[in-house]
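We did not get these values from a lab; they are worked out from the coordinates using the rules stated. Just so it is clear, the structure is predicted and the values come from calculations on it, not from any experiment. Cβ placement follows ideal geometry from the backbone for every residue including glycine, while neighbour counts extend to all protein chains displayed.
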Amino acid sequence: MLGNVLSLFDGISGGQVALDRLGIKYENYYASEIDKYAIQITQKNYPKTIQIGDVTKVKANDLPKIDLLMGGSPCQGFSIANQNRKNLVFNEYGVCSDERSQLFFEFVRLLKETKPDWWFLENVRMKKEHMEIVNKVLSDAVGYTVEPYLVNSSVRSGQNRLRYYWTNIPFENNLEDWGIKLKDILEPIPFSKDYPNYLRLPIVRKKGGASKKTRGEMVRSIDDEKSFTVNATMWKGQKSSYVKAQEINPFRPCEPREIKKDSLCHHVADATDIKGNQAIKRVYGGEGKSPTLTTMGGGHREPKVLVVPEKVKVRKHEVDIKKLQSILRQHRLPIKEISEKLNVKKTTVEHWFRTDNCFSIPDAEIWFDLKKLLNIETNEFDLPITEFEIRDGRYEMADRVYNPKYKSPTIVS
Ligand SMILES: C[S@@+](CC[C@H](N)C(=O)[O-])C[C@H]1O[C@@H](n2cnc3c(N)ncnc32)[C@H](O)[C@@H]1O
């Protein structure tokens, strides 16, 4: 049992999730965080959390004795992915040209001020010279030599995420990989418009959004109970209409790539409808690990995943489409009237009376009401329209890539 925990840069309180999972109890959890959305999530999940705001204003004197200090300071300045890293300048105790990495020195200050029994700092993989500076600053702060452990969270998750951990908590760094893959952490998402139980929705694009090339039909299962994977566009109060556009999956044309079997993330294809740098075109397969998930700004920047369903719901009986079309057209009423009486969108109703590729079979839930309204007497379509069964997915091989001439069942995260 710990008394007081101080978590700096607490975010959505991953620290409390970890303590919970480890079964470590604590009396008080002090969180220093400034992002109001992250704080809302924390307070929803852990209402007893004591939020103490901006780390630069936190003083050890205002806090009780701290048993555990932990934190993962904003990392962009140290990141080896940061283009401007060459310009980082440190002095011995605390001047770093990147202000986000400057916050690391706040961790060091509070480490010195609070003198916790246990402490733990996480950060990105960085250049050796930067890592050595961090080692030195931390070692000077605690009075003994500290070096980081390099751990890839891929051993416990479906994500490729190499991180450094500095700590005085004893740790055996030989964790075996539990074999969790990207496909294991994705929620089930329908992907094919071949399956008639999927709602077909027009793409809703915000103005100035993606090019016309990506317009087309998007699909989602009518009886899909799970949320789509939360994506970067949902952060910080994005408008729900935009979220809606993102949560349904477009079919994206792709160029298959050979998978390097020795790589952790399986880069299986490149989207061909995206202009821009190579990285944003990458499509990952479910058999590998996910690339690191970040709060990227939406658009095409989120990681893209090739989704291969294992089970699909399909019609049990064949529908005689030509005959159905002819019967529907014989009994047709004005679209507006049908739409209002059945409380179904006009655009949906229109599709029931088309005879081209845009024809769609009326939904099972609406069929009997529609029959009554149109005075259709035959029962021959009742079972074909309303009965379904679950079958194995058409693409049983994960990581299969598709001929670029056809459409690839790619979704945006
Ligand atoms: C790398 S994230 C840490 C995420 C966290 N480990 C979690 O479980 O969600 C860094 C966090 O530092 C926060 N941060 C940035 N400036 C801060 C400041 N001055 N005081 C406190 N937190 C700050 C950011 O809002 C961000 O949530």
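What spacing in nm lies between the two simple spin-label points modelled at residue 377 and residue 314, each 7 Å away from Cα in the Cβ direction?
Distance between label points: 3.6 nm.
For a paramagnetic label modelled at 7 Å from the Cα of residue 51 toward its Cβ, which residues of region 1-36 fall within the zone defined by backbone nitrogen distances under 20 Å?
It comes to 5-18, 28-36, nothing else.
Say R0 is 51 Å: what FRET efficiency, to the nearest 0.05, do residue 43 and residue 369 get from their beta-carbon distance?
Working: r = 45 Å, r/R0 = 0.88.
Step by step, r from the Cβ atoms, then E = 0.70.
Between residue 258 and residue 147, what length comes free when the chain is fully extended (0.36 nm per residue of separation minus the Cα-Cα distance, one decimal in nm)? Please list the in-between numbers first.
Working: separation 111, 0.36 × 111 = 39.96 nm, distance 3.83 nm.
Result for the pair: 36.1 nm of gain on full extension.
Can you give me the relative contact order of region 317-386 as a percent, contacts being Cα pairs under 8 Å and 6 or more apart?
Numbers: 56 pairs, mean separation 25.6, N = 70.
Relative contact order of region 317-386: 37 percent.
Distance between Cα centroids, region 366-389 to region 338-360: provide it in whole Å.
Region 366-389 and region 338-360 have Cα centres separated by 15 Å.
Could you list 353, 381 so that the one with the fewest beta carbons within 10 Å of its beta carbon is first and the one with the most is last?
353, 381
Which of the residue pairs 59/115; 275/304; 323/372; 36/289; 322/345 have a Cα-Cα distance greater than 21 Å in the structure shown?
Values: 59/115 13 Å; 275/304 15 Å; 323/372 18 Å; 36/289 31 Å; 322/345 23 Å.
Pairs exceeding the cut-off: 36/289; 322/345.
Amide H of residue 26: which non-local residues (sequence gap of 5 or more, or other chain) have their own amide H closer than 5 Å, using H built in the peptide plane?
Distant-sequence amide H within range of residue 26: 2.
Identify the residues of region 143-168 with backbone N under 11 Å of a label point that sits 7 angstrom from the Cα of residue 292 along the Cα-to-Cβ direction, or state none.
From region 143-168, the list is 153, 160-164.
Okay, which of region 148-167 sit inside 16 Å, backbone N to the point 7 Å along the Cα-Cβ direction of residue 22?
It comes to 149-151, 153, 156, 164-167, nothing else.
Scan around residue 305 for amide H atoms under 5 Å from its own, H built in the peptide plane at 1.01 Å from N, and keep only partners 5 or more places away or cross-chain.
For residue 305, whose amide H was placed from the backbone, the distant partners under 5 Å are 284, 411, 413.
List every residue whose amide H lies under 5 Å from the amide H of residue 10, counting only residues 5 or more places away in sequence or on a different chain, with H placed 1.01 Å from N in the peptide plane.
Placed amide hydrogens put 32, 33 under 5 Å from residue 10.
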